[in-house]
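Enquirer: I'd like to ask you about the structure that follows.
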Amino acid sequence: MKKAFDRSDIKRILIILVCACLMALNIKTFVRAGGLYPGGATGLSILIQRSAEKFWGLSLPYSLINILLNAGPVYIGFRFIGRKFTLYSCLMIVLSSVLTDIIPGFALTDDILLISIFGGIINGSVISLCLSADATTGGTDFISIFLSQRSGMDSFNVILGINAVILCMSGVLFGWDKALYSIIFQYASTVVLHTLYRRYQQTTLFIVTENPQRVCKSIYAASRHGATIIHGEGSFDHHQKSTVYSVVSSAQARKVVRAVKAEDESAFINLVKTQELVGHFYQPPKD
């Protein structure tokens, strides 16, 4: 058991190292080259850094600003999300911040549109990879995860509201063209994040089966979610059948379908994307 735990920790650390390097490279090759503001603690750190240099002639290290800005979100993580999860997130924050100061800046292209699109894709991919390892890149990720766990819905869109304030500030101080291109960057990042990371998205399953009790047990074993059995009659053969209704995490949906098919190969399964969920929905706690 101890060996499995150690292997899991090593895997998480290696993923965080890769994410920290990619995040720092993305900032130095795309974000800085395009003069963009990616939002969250990263965007606010860059905004403060550029403002200090422009208005006061101060050259502040990115790592110092970013780590200080993450102090509040880190407290939320320790207090409400999970200690181990927050410690790994702190590792990601510190590593990416230090690497951003160390890695020399260079531009792959001068095309601001390409920078905005591909920089956003890389940013969303890194955040998704980091979240899959049960850690975050810091900042608003802590806030959105906290809200998602408390409300039972996907709260990553809350990030957009916070980012809007940062974009308005950057537009007023440094020009609206960079702020508008930053919207493209953030949109690309958000689309990738929603596509790759689906922990806080839900899928509704309607399963027509003749073995409802076995199907319900398989759903619970695969996802820890319960189900409701609705009795009915087939319109073609008039045999008694049941519809099993359940809502699971979108990340678990395929696993649940395989478990149901293992119990009843003839089960008819309809998967529907859930837009909003009101009521208790089990979320595995962060470690």
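Enquirer: Take every Cα pair under 8 Å in segment 75-172 that's 6+ residues apart, average their separations, divide by the length, and report that relative contact order as a whole percent.
Expert: Details: 49 pairs, mean separation 32.8, N = 98.
Computed value for segment 75-172: 33 percent relative contact order.
Enquirer: Relative to the longest principal axis of the C-alpha atoms of the chain, give the angle of the C-alpha long axis of helix 112-132, reported between 0 and 90° and rounded to the nearest 10°.
Expert: Value to nearest ten degrees: 50.
Enquirer: Further, regarding this structure: Treat the count of other C-beta atoms within 10 Å as a stand-in for reagent exposure and order SER249, SER45 from fewest to most.
Expert: On the way: SER249 22, SER45 27.
The most exposed by this proxy come first: SER249, SER45.
Enquirer: Roughly what would the spin-label model give for GLN213 and SER235, points 7 Å off Cα along C-beta, in nm?
Expert: 3.0 nm
Enquirer: So if the hydrodynamic radius of segment 202-274 is defined as the Kirkwood radius over C-alpha pairs, what does Stokes-Einstein give as its diffusion coefficient at 37 °C and 0.692 mPa s, in µm² per second? Working shown, then result.
Expert: Values: Rh = 12.0 Å.
It diffuses with D of about 274 µm²/s by this estimate.
Enquirer: Also, quick follow-up: Calculate how steeply helix 176-196 sits against the longest principal axis of the alpha-carbon atoms of the chain, using the helix alpha-carbon long axis, and give the answer as 0 to 90 degrees to the nearest 10.
Expert: 30 degrees
Enquirer: Working from Cα positions, state the angle (0 to 90°, nearest 10) between the long axis of helix 2-26 and the longest principal axis of the chain.
Expert: Here the helix axis deviates by roughly 50 degrees.
Enquirer: Would you order TRP56, TRP176 from fewest to most other beta-carbon atoms within 10 Å of each residue's own beta-carbon? Before the final figure, lay out each step's value.
Expert: Values: TRP56 9, TRP176 12.
Sorted ascending by nearby Cβ count, the order is TRP56, TRP176.
Enquirer: Something else: If you average 1/r over every pair of different alpha-carbon atoms in the chain and take one over that average, what Kirkwood value in Å do you get? Before the final figure, lay out each step's value.
Expert: Numbers: mean 1/r = 0.0479 Å⁻¹.
It works out to 20.9 Å.
Enquirer: Follow-up. For LEU129, LEU36, LEU114, which order do you get if you count the other beta carbons within 10 Å of each Cβ and list the fewest first? Don't skip to the end; give the middle numbers.
Expert: On the way: LEU129 19, LEU36 27, LEU114 13.
Ranking LEU129, LEU36, LEU114 by Cβ neighbours within 10 Å, fewest first, gives LEU114, LEU129, LEU36.
Enquirer: Still on this structure: Given a cut-off of under 8 Å on Cα pairs at least six residues apart, what relative contact order in percent is computed for the chain? Could you put the intermediate results ahead of the total?
Expert: Working: 441 pairs, mean separation 59.5, N = 287.
Averaging sequence separation for qualifying contacts and normalising by length gives 21 percent for the chain.
Each reported figure results from applying straightforward, stated rules to the coordinates on display, with no laboratory input. Being a predicted model, the structure only gives us computed values, none of them experimental. Don't worry about glycine lacking a Cβ; one is built from the backbone with ideal geometry, like all the others, and counts go over all protein chains shown.
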